[in-house]
Structures are given as C-alpha cells and as structure tokens.
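Some notes on the structure that comes next.
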Amino acid sequence: MKVRIVADAAAQARLVADLVEQVVRSTPRPVLGLATGSSPLATYAELVRRHRAEGLAFEHCRVFLLDEYVGLTRHEAGYRSQIRRVVTDAVGIPPDAVQGPDGDAADLDAACAAYEDRLRASGGVDLQVLGIGADGHIGFNEPASALGSRTRPVVLTARTRADNARHFDHPGDVPRLALTQGIGTILEARHLVLLAAGAAKAGPVARALEGPITAMVPASALQLHPRVTVVLDDAAATDLRLADHHREVSSLEASHRYGVGP
Ligand code: GLP
C-alpha cells in the first residue's frame with residue numbers, strides 16, 4: 001500500500017489527477033471507477049481543468065459508479081446525475097458511457113446482477129477512486145458487510161444517512177436503501193485510490209490502514225489488494241502510527257526517482 005500525505009486539497013487533487021491522467025493516456029479504452037461524496041471533488045475539478053486548459057481527452061473513457069441510492073437513479077440527487085454534473089459532462093464523456101446500478105429497477109437484485117455483468121464485460125475497472133465514510137465504509141458497504149460481497153441492495157445505517165443529509169433538502173429525504181458494488185467487486189479493480197481529508201477522517205483512516213482486516217471496517221479490506229494508493233492530507237493522517245515512515249518513503253521515492261513497492 002502506498003500512502004501519500006500531502007499538505008492540502010489542491011496537492012491531493014493534483015496527485016490523484018496525475019494517476020487518472022496516466023491511465024487515460026496509456027489505456028486504449030480506459031475504465032474509470034468514480035465515487036461521489038466531497039472527497040474527490042477537487043480531483044474532478046482538476047481533471048476538468050486539465051481537459052479545458054491542456055486538452056486532456058476523455059471521450060474514449062467509460063465510467064462505472066460505485067453505488068446509487070434506490071429511487072433516485074433518474075433524479076438530480078442521484079449519484080449518476082451528480083457524477084455527470086461534476087465531471088463527466090464537463091470532460092466530454094458521453095452520458096451512455098457512464099453507468100451505475102439501476103436503483104429505479106423493479107427487481108433490484110436483477111439490476112445488481114446485470115451491473116456485475118456489465119462491469120465484467122467492460123474488462124474491469126482500471127482505476128477506482130474511493131472515499132471513506134466516518135464508519136469506515138467504502139461505496140455503501142456498511143460495517144458488517146461481507147468482505148467478499150458483490151453488488152447488492154443494502155440498508156444504510158442511521159449514521160450514513162445523517163452524514164449524507166447535507167446533500168438533501170430535508171434529512172428525511174435521504175433514502176434508506178441503496179445499491180452498492182460489493183467489497184469483493186471493488187477489490188477486482190486493478191488500482192484502488194483512496195482519498196481522505198480532514199480530521200474527521202483520521203480515525204477511520206487509521207482503522208482501515210493499521211487495524212485488523214475486519215468486516216466492521218469495510219475499508220480495511222484494501223489491505224488485501226496488491227495495488228492501493230492512499231492520498232491523505234495532514235489532518236486525515238494524524239492518527240497513523242506510520243505517518244512519518246510514509247513521509248520518508250515518499251521523499252526517498254521523489255529523490256531517487258524509483259518506484260518503491262507498496
Ligand atoms: C457516501 C458514498 C461513499 C463516500 C462517502 C464519504 O456514503 N457512498 O462512496 O466515500 O460517502 O463521503 P465524503 O467524501 O463526502 O466524506
């Protein structure tokens with residue numbers, strides 16, 4: 001696991017945008033896995049800037065969402081609408097190349113199975129952007145999700161609904177159900193990039209990176225993956241026992257210009 005600790009949101013956005021740019025430039029038909037939430041917003045803005053100012057082209061990319069609320073797939077507050085609004089429309093990725101699990105389907109289990117089929121048919125996700133919830137969730141895999149879980153309907157915890165209420169007019173508008181890629185599904189992406197910023201994420205980040213692998217902290221499953229990059233600001237790294245070591249690895253890597261294995 002590579003852990004990069006940077007000063008602020010702008011540095012975080014540049015670093016993650018560099019990783020996305022490498023994939024977009026070097027892969028004929030890149031598959032990007034995009035997350036919603038506040039954590040990746042500065043990165044998406046940086047990608048839009050590179051598209052407009054530097055001509056970075058995205059038309060050949062396909063996008064798969066991590067998760068979606070039930071009942072909001074065709075709604076402004078739905079995750080597919082959000083991703084289109086903040087990034088894909090602005091960088092020229094066609095709407096039909098942006099896919100998510102269909103939270104409006106009559107048969108939600110069938111919609112999840114169909115989503116897994118579409119992910120598999122795409123050849124799999126090249127780079128998956130992830131945030132982390134206050135309770136350690138990734139996607140909408142709440143604590144106690146099976147580490148091998150697949151895309152499925154889930155019930156959101158009261159904590160997650162409260163955390164996400166800021167995106168809705170009324171707290172009661174937050175759906176109780178969502179569809180999410182499973183932890184097992186997420187782990188199949190070729191490169192996982194976890195972003196976290198701010199003191200509120202310090203605890204969940206430390207539990208995910210330095211605690212035991214446990215279903216009670218879904219993000220701890222990242223420890224099983226061979227290629228993970230975690231990009232933190234100083235505040236989100238506060239509780240890491242190995243923070244200084246990670247800083248040393250980064251500075252050695254920068255000065256020697258070689259890749260240090262995770
Ligand atoms: C939501 C999303 C997650 C996201 C998390 C953290 O629950 N389903 O994918 O990572 O919130 O959000 P934020 O980045 O706003 O802290």
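The values are calculated or read from the model by the stated rules, or taken from the named source; none is laboratory data. Small disclaimer: the values here were computed from a predicted structure and weren't measured. Note: ideal-geometry Cβ built from the backbone for every residue, glycine included; neighbour counts use all protein chains shown. What goes into the accessible areas is simple: the full protein's heavy atoms, side chains included, and nothing from ligands, DNA or RNA. Shrake-Rupley method; radii C 1.70, N 1.55, O 1.52, S 1.80 Å.
Taking A53 as the residue in question, decide whether it is away from the ligand (no atom under 13 Å from the Cβ) and either without any contact (Cβ under 8 Å) to a residue 12 or more places away in the chain or farther than 25 Å from T160 by Cα (or both). Walk me through it before giving the result.
Working: away from the ligand (no atom under 13 Å from the Cβ): yes; either without any contact (Cβ under 8 Å) to a residue 12 or more places away in the chain or farther than 25 Å from T160 by Cα (or both): yes.
Judged against the criteria, A53 is a match.
Only one of the numbered conditions (1) open to solvent by less than 10 Å² (accessible area, probe 1.4 Å); (2) within 16 Å of the ligand (Cβ to nearest atom) is violated by C61, and that is (2).
Only residues that are in a loop (DSSP other than H, G, I, E, B), out of contact with any Pro (no Cβ under 9 Å at 6 or more places or on another chain) and buried (at least 16 other Cβ atoms within 10 Å of the Cβ) were counted across segment 150-169, and they come to 1. Close contacts from segment 206-223, counting a first residue that is modelled with pLDDT of 95 or more and a second that is in a loop (DSSP other than H, G, I, E, B) and of a type in the set (K, R), with Cβ to Cβ under 8 Å and a gap of 6+ residues or different chains, come to A206/R241; E210/R241. When segment 30-43 is limited to residues that are assigned to a helix (DSSP H, G or I) and surrounded by fewer than 23 Cβ atoms within 10 Å (Cβ to Cβ), the one that is farthest from the ligand (Cβ to nearest atom) turns out to be A42.
Kindly provide the set of residues from segment 150-166 that are in contact (Cβ under 8 Å) with a residue 24 or more places away in the chain, within 13 Å of the ligand (Cβ to nearest atom) and within 17 Å of the chain's Cα centre (by Cα), ordered by number.
Of all residues in segment 150-166, those in contact (Cβ under 8 Å) with a residue 24 or more places away in the chain come to 150-154, 159-160, 163.
Right, trim to within 13 Å of the ligand (Cβ to nearest atom) and you get 154, 159-160, 163.
Correct list: T160, D163.
Within segment 121-149, the residues that satisfy the criterion of being more than 10 Å from the ligand (Cβ to nearest atom) and either under 23 Å from R62 (Cα atoms) or buried (at least 18 other Cβ atoms within 10 Å of the Cβ) (or both) are A121, S122, G123, G124, V125, D126, L127, Q128, G136, S145, S149. Within segment 224-259, restricting attention to residues that are acidic (D, E) and at pLDDT 95 or above, the residue that is surrounded by the most Cβ atoms within 10 Å (Cβ to Cβ) is D233.
How about segment 88-118: which of its residues are among the acidic types (D, E) and either open to solvent by less than 40 Å² (accessible area, probe 1.4 Å) or within 23 Å of S149 (Cβ to Cβ) (or both)? Steps first, answer last, please.
Let us first name the residues in segment 88-118 that are among the acidic types (D, E), namely 89, 96, 102, 104, 107, 109, 116-117.
Across segment 88-118, the qualifying residues are D102, D104, D107, D109, E116, D117.
Residue-level check: of (1) crowded, with 22+ Cβ neighbours inside 10 Å; (2) under 14 Å from P153 (Cβ atoms), L66 misses just (2).
Determine if segment 70-80 includes at least one residue that is in a loop (DSSP other than H, G, I, E, B), of a type in the set (S, T, N, Q) and touching a helix residue (DSSP H, G or I) at 6+ places or on another chain (Cβ under 7 Å). Can you show your working first?
Keep residues of segment 70-80 that are in a loop (DSSP other than H, G, I, E, B), which gives 70-78.
Next cut, of a type in the set (S, T, N, Q) only: 73.
Narrowing the set further to residues that are touching a helix residue (DSSP H, G or I) at 6+ places or on another chain (Cβ under 7 Å) leaves 73.
Taking every residue of segment 70-80 in turn, at least one turns out to be in a loop (DSSP other than H, G, I, E, B), of a type in the set (S, T, N, Q) and touching a helix residue (DSSP H, G or I) at 6+ places or on another chain (Cβ under 7 Å).
The set of residues in segment 15-29 that are surrounded by 16 or more Cβ atoms within 10 Å (Cβ to Cβ) and under 30 Å from D163 (Cα atoms) comprises L15, V16, A17, L19, V20.
Residues in segment 122-137 that are of a type in the set (S, T, N, Q) and not in a loop (DSSP other than H, G, I, E, B): how many? Can you show your working first?
Narrowing segment 122-137 to residues of a type in the set (S, T, N, Q): 122, 128.
Checking which are not in a loop (DSSP other than H, G, I, E, B) leaves us with 128.
Within segment 122-137, residues that are of a type in the set (S, T, N, Q) and not in a loop (DSSP other than H, G, I, E, B) number 1.
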